[in-house]
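The values are calculated or read from the model by the stated rules, or taken from the named source; none is laboratory data. Fair warning: this is a prediction, and the values are worked out from it, not measured in the lab. Note: ideal-geometry Cβ built from the backbone for every residue, glycine included; neighbour counts use all protein chains shown. Areas reflect the complete protein model, heavy atoms only, side chains present, ligands, DNA and RNA absent. Shrake-Rupley method; radii C 1.70, N 1.55, O 1.52, S 1.80 Å.
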Amino acid sequence: MEITKIFNFEGSHVVRNCTSHRCSHSVHGHSYKVELTLSGVQLDHAGMLVDFGLLKGPIKQFIDAFDHCHVMCQHDDEEYREFFKKHNDRWIEIPFNPSAECLAILFHYCIQYIINSTKFANG
């Protein structure tokens with residue numbers, strides 16, 4: 001059995017070294033969608049695979065950290081990074097190029113860590 005919860009957020013980035021000159025040299029934004037699919041073979045004592053209320057805690061908070069945020073690579077030009085840090089309240093600096101694929105890997109590992117750290121008390 002599988003269940004899916006969809007989270008949405010708005011964010012911006014520059015993807016260095018990609019084919020498109022616009023994407024590799026200009027700050028631009030996207031409407032992102034994170035589809036979290038959980039699977040299992042048995043239901044808990046409430047007849048659920050997982051209580052969606054649990055997904056509204058740390059997982060939602062993690063994803064919300066990216067909402068209306070500029071994501072940049074720590075290897076980008078220092079002047080560029082300092083500009084965003086000085087003129088924006090919401091920014092995240094990561095150690096890799098912020099492509100959609102790399103962000104998906106980051107989300108996978110962080111969400112998996114949150115799930116593994118969650119105590120499920122309903123059987």
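Would you call His70 closer than 30 Å to Ser20 by Cβ and open to solvent by less than 80 Å² (accessible area, probe 1.4 Å)? The answer is yes for His70. When residues of segment 1-31 are filtered for being out of contact with any helix residue (DSSP H, G or I) (no Cβ under 9 Å at 6 or more places or on another chain) and either over 17 Å from Tyr80 (Cβ atoms) or part of a strand (DSSP E or B) (or both), how many remain? Total satisfying the criteria: 10. When segment 39-67 is limited to residues that are open to solvent by less than 60 Å² (accessible area, probe 1.4 Å) and without any contact (Cβ under 8 Å) to a residue 24 or more places away in the chain, the one that is farthest from Ile114 (Cα to Cα) turns out to be Gly47. Figure legend. Inter-residue proximity from segment 15-28: first residues within 19 Å of His75 (Cβ to Cβ), second residues surrounded by 12 or more Cβ atoms within 10 Å (Cβ to Cβ) and of a type in the set (D, E, K, R), beta-carbon distance below 6 Å, spacing 6+ or different chains. Indicated pairs: Ser24/Arg16.
Looking at Cys69, is it among the hydrophobic types (A, V, I, L, M, F, W, C), modelled with pLDDT of 95 or more and over 14 Å from the mean Cα position of the chain (by Cα)? Against the criterion (among the hydrophobic types (A, V, I, L, M, F, W, C), modelled with pLDDT of 95 or more and over 14 Å from the mean Cα position of the chain (by Cα)), Cys69 does not qualify. Against the condition outside any loop (DSSP other than H, G, I, E, B), within 15 Å of Pro98 (Cβ to Cβ) and either open to solvent by 70 Å² or more (accessible area, probe 1.4 Å) or modelled with pLDDT of 95 or more (or both), how does Val34 come out, does it pass? Spelling it out, Val34 is indeed outside any loop (DSSP other than H, G, I, E, B), within 15 Å of Pro98 (Cβ to Cβ) and either open to solvent by 70 Å² or more (accessible area, probe 1.4 Å) or modelled with pLDDT of 95 or more (or both).
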